[in-house]
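Colleague: Handing you this structure, nothing more for now.
Readers should treat all values here as calculations from the given coordinates under stated rules, not as data from a laboratory. The model shown is predicted, which means the values in this text are computed figures rather than measured ones. Backbone-built Cβ (ideal geometry, glycine too); neighbour counts: all protein chains shown.
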Amino acid sequence: MGTPTVVVCNFIMTYPGLDRKLKDSNPEVYYFSIFGAIMRQGNKGFKHIKIYSAAKSGTKIKYGMISSAEEAKEVKASMLTMAKEFNEKYNTQIEIEEDK
């Protein structure tokens, strides 16, 4: 018998720096940081499932495993939409490279 394989399906990460105070005082930085956290996990094969409310201790984000190529395409489309909304709301220039 070998060592059992552990597969992570869902997990929650807490981002202590992304707290209620930052969200209230500088929402642009707060949401940009949330977007960056989601992108980093997306590059590792995980999608965000839920973003919990900002608290004094930070913001929690629940992630789940991307399980297929089709789901990966859906996640990317969602991220493109999120980037466009962020750009419109805060007049920024977030760009996500499209596969060619």
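Colleague: What fraction of the Cα pairs in the stretch 1-44, stated in percent, has a spacing above 15 angstrom?
Modeller: Counting pairs separated by more than 15 Å, the tail of P(r) holds 57 percent.
Colleague: Follow-up question, since we're still on this one. By how many nm would the segment from residue 53 to residue 25 lengthen if fully extended, with 0.36 nm per residue of separation less the alpha-carbon distance?
Modeller: Numbers: separation 28, 0.36 × 28 = 10.08 nm, distance 1.53 nm.
Stretched fully, the residue 53-residue 25 segment lengthens by 8.6 nm.
Colleague: Using only the Cα atoms, what convex hull volume per residue in Å³ does the stretch 31-79 have?
Modeller: Numbers: hull volume 3.5 nm³, N = 49.
Value for the stretch 31-79: 71 Å³ per residue.
Colleague: Next question, about the same structure. Post the alpha-carbon centroid distance, the stretch 15-41 to the stretch 44-65, in whole angstrom.
Modeller: Here the two parts' Cα centres lie 11 Å apart.
Colleague: Run the count for the chain, please: Lys pairs, Cα-Cα under 19 angstrom, 8 or more apart or on different chains.
Modeller: Counting lysine pairs in the chain gives 25.
Colleague: Something else: Angle between the Cα long axis of helix 27-43 and the longest principal axis of the chain, 0 to 90 degrees, nearest 10?
Modeller: 20 degrees
Colleague: If I model a spin label as a point 7 Å beyond the Cα along the Cα-Cβ vector, how far apart are those points for residue 9 and residue 71 in nm?
Modeller: About 1.0 nm separates the two model spin labels.
Colleague: In terms of the ratio Rg/(2.2 N^0.38 Å) built on C-alpha atoms, what value belongs to the chain? Walk me through the numbers on the way to the answer.
Modeller: Details: Rg = 15.4 Å, N = 100, 2.2 N^0.38 = 12.7 Å.
For the chain, the normalised Cα radius of gyration is 1.22.
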